[in-house]
Amino acid sequence: MKYFLLTLGCQMNKSDSERVSSVLEEMGYVEAETEDEANLLGVLACSVRQKSIDRVYSKIHKWNRAKNKRNLITFISGCVLPADRTKFMKLFDIVFQMAELPKLPEFIQHYGVTTGIIPNQHTYSKKSDKKIELCSTSLVADNKLLAPDSIKPFWNVKPTYHSGFEAFVPIQNGCDKFCTFCAVPYTRGREISRPSAEIIEEVENLIKKGYKSITLLGQNVNSYGKDKEGSEISFNQLLERIGELGLASGKEFWVYFTSPHPRDMSRDVIETIAKYQHLAKQIHLPLQSGNDKVLIKMNRNHSVARYAKIIEDIRELIPNATIFTDIIVGFSGETEAQFNDTVEAFHLFKFNMAYIAVYSPRPGATAYSWDDNVPQAIKKKRLHVLTEEMKKYTRHYNSELIGTTQKVLVTTYNASNKTLAGLTEGKINIVIPSNQEKLVGTFIYASIQESTDFSLKGHYVKQEADYVQ
Ligand code: SF4
């Protein structure tokens, strides 16, 4: 029996999919290379963009048509808005919340083997002749519906990591921030911190197995522990414990976290990153807009000045850190002057990378009903202007690395042009001519010869053996 999983959206979903794979593989399912050879077809959905939702509909209609030719079961989980969930109930055999993952084997067994269907009609199980309705309560932004302990069994599922050297470790689920452009608090619910003992255990195991890159994941990662104040450690204490684990391990690895919120970014967290060698000197801190009025409208709950103070602290305490950000251009009502403040912010903060999104209303978000009144052509122009501004600083930073030797985590090998690709600690892409595929998943040193706007080119110098204290 084979399964196929379509994972849409962010790293959170990718991390969740590792736990879904584990549950299915425990049941005896094997991952299929293509959906055509699978008997079990699943989607981890993303509600951030309409495009992702459209993709779900196009897939499920295709899969339901395929049921006329072969027996298969379909399921959906992930970030699903309550309104979509009702529609998906009519299309998928199984609809469940991620917190219910440990029960997936039971759901599949209960469902049995599906009969062929006429597209757009309900499917029925041979066993029960009844469509399974697993999701009777919606996971909405209300802790009454999602008890803090309900996610626990999900976190206890051991993930099947997709990589042997890079891993994502969820430390929290949901979000309390309610940014007006975002639907996450409505799809994933309120913030719930994973017990720190479990996080430490998972990280410790990864270190023992020799993982080189470990990313702590959460929608609002640096508010970790705030929902359990007094009974759980803070985000800073969690980082300290992981930093200590690193020192005691005698291994080399980098620990990242994403995404933090400027409102919760305290100086002690920056001090901790500076203090511990295994905490990677790369910080991804979403700004979203360089104008205070737009930030208020986005309900970001911080000002540009507050953001500037954090950057000042990072530059003071970790001068070699790279800083990444997220920006939205063309948010509802954004004027030219307000956009120019974002351009100005780029001059001030000199980001090493900015993920710039053209605003599009996200179903389920507060701003969805607001006027999307910045014309598409203006949004595209703003995207172009900002990208060009960003290039000035990425180009400058990268060119300054020419002549230096950088430690690199090799992530892929391209056999067609005999090159290795990897990342520096600051997550700058690098390409190295080499036919040594065996270096994938290891740290090497490379001398930097050339740079472009967004990447480096270097020569292989030597491999780093794991050091022993
Ligand atoms: S902090 Fe804002 S953008 Fe991030 S997940 Fe929460 S609501 Fe969405």
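For the reader, a short list of remarks on this structure follows.
- Among the residues of the range 443-464, those identified as over 24 Å from the mean Cα position of the chain (by Cα) and of a type in the set (A, V, I, L, M, F, W, C) are Ile444, Ala446, Ile448, Leu456, Val461.
- Of everything in the range 383-423 that is in contact (Cβ under 8 Å) with a residue 60 or more places away in the chain and out of contact with any Ser or Thr (no Cβ under 7 Å at 6 or more places or on another chain), the residue that is nearest to Phe443 (Cα to Cα) is Thr411.
- Condition met for Ile214 (modelled with pLDDT of 95 or more and away from the ligand (no atom under 11 Å from the Cβ)): yes
- Within the range 235-249, the set of residues being surrounded by fewer than 20 Cβ atoms within 10 Å (Cβ to Cβ) and over 20 Å from Glu166 (Cβ atoms) comprises Asn236, Gln237, Glu240, Arg241, Glu244, Leu247, Ala248.
- Among the residues of the range 75-93, just one is of a type in the set (Val, Ile, Thr) and surrounded by fewer than 24 Cβ atoms within 10 Å (Cβ to Cβ), namely Thr86.
- Out of Glu31, Glu37, sole residue that is surrounded by fewer than 20 Cβ atoms within 10 Å (Cβ to Cβ), more than 24 Å from Ile151 (Cα to Cα), free of Cβ contacts under 8 Å to residues at least 60 places away in the same chain and in contact with a helix residue (DSSP H, G or I) (Cβ under 7 Å, 6 or more places away or on another chain): Glu31
Residues checked against (1) more than 25 Å from Val184 (Cβ to Cβ); (2) among the polar types (S, T, N, Q):
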residue	(1), (2)
Asn205	yes, yes
Ile214	no, no
Gly246	yes, no
Trp254	yes, no
Asp264	no, no
Arg267	yes, no
Lys275	yes, no
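- Considering residues of the range 137-175 that are at pLDDT 90 or above and surrounded by fewer than 17 Cβ atoms within 10 Å (Cβ to Cβ) only, the residue farthest from the ligand (Cβ to nearest atom): Gly164
- Looking only at the range 218-265, and only at residues there that are assigned to a loop (DSSP other than H, G, I, E, B) and farther than 29 Å from Cys79 by Cα, the one that is nearest to the ligand (Cβ to nearest atom): Gly230
Yes/no matrix, rows are residues, columns are (1) under 24 Å from Ile283 (Cα atoms); (2) out of contact with any His (no Cβ under 8 Å at 6 or more places or on another chain); (3) not β-branched (Val, Ile, Thr):
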{"position": "Leu401", "(1), (2), (3)": "yes, yes, yes"}
{"position": "Lys407", "(1), (2), (3)": "yes, yes, yes"}
{"position": "Tyr413", "(1), (2), (3)": "no, yes, yes"}
{"position": "Thr419", "(1), (2), (3)": "no, yes, no"}
{"position": "Ile432", "(1), (2), (3)": "no, no, no"}
{"position": "Asn435", "(1), (2), (3)": "no, yes, yes"}
{"position": "Ala446", "(1), (2), (3)": "yes, no, yes"}
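- Extreme residue, surrounded by the fewest Cβ atoms within 10 Å (Cβ to Cβ), among residues of the range 176-192 that are more than 8 Å from the ligand (Cβ to nearest atom) and of a type outside the set (Lys, Arg): Thr180
- Within this structure, Tyr397 passes the test of being touching a strand residue (DSSP E or B) at 6+ places or on another chain (Cβ under 8 Å) and either within 26 Å of Phe351 (Cα to Cα) or not aromatic (Phe, Trp, Tyr) (or both).
- Contact map, the range 424-450: first residue over 14 Å from Glu464 (Cβ atoms), second residue among the charged types (D, E, K, R) and loosely packed, with under 15 Cβ neighbours inside 10 Å, Cβ cut-off under 8 Å, separation 6 or more or different chains; pairs are Pro433/Lys418; Ser434/Lys418; Asn435/Lys418.
The values are calculated or read from the model by the stated rules, or taken from the named source; none is laboratory data. Predicted, not measured: the structure shown is a model, and the values here were computed from it. Here Cβ is always computed from backbone atoms with ideal geometry, including for glycine, and neighbour counts include all displayed protein chains.
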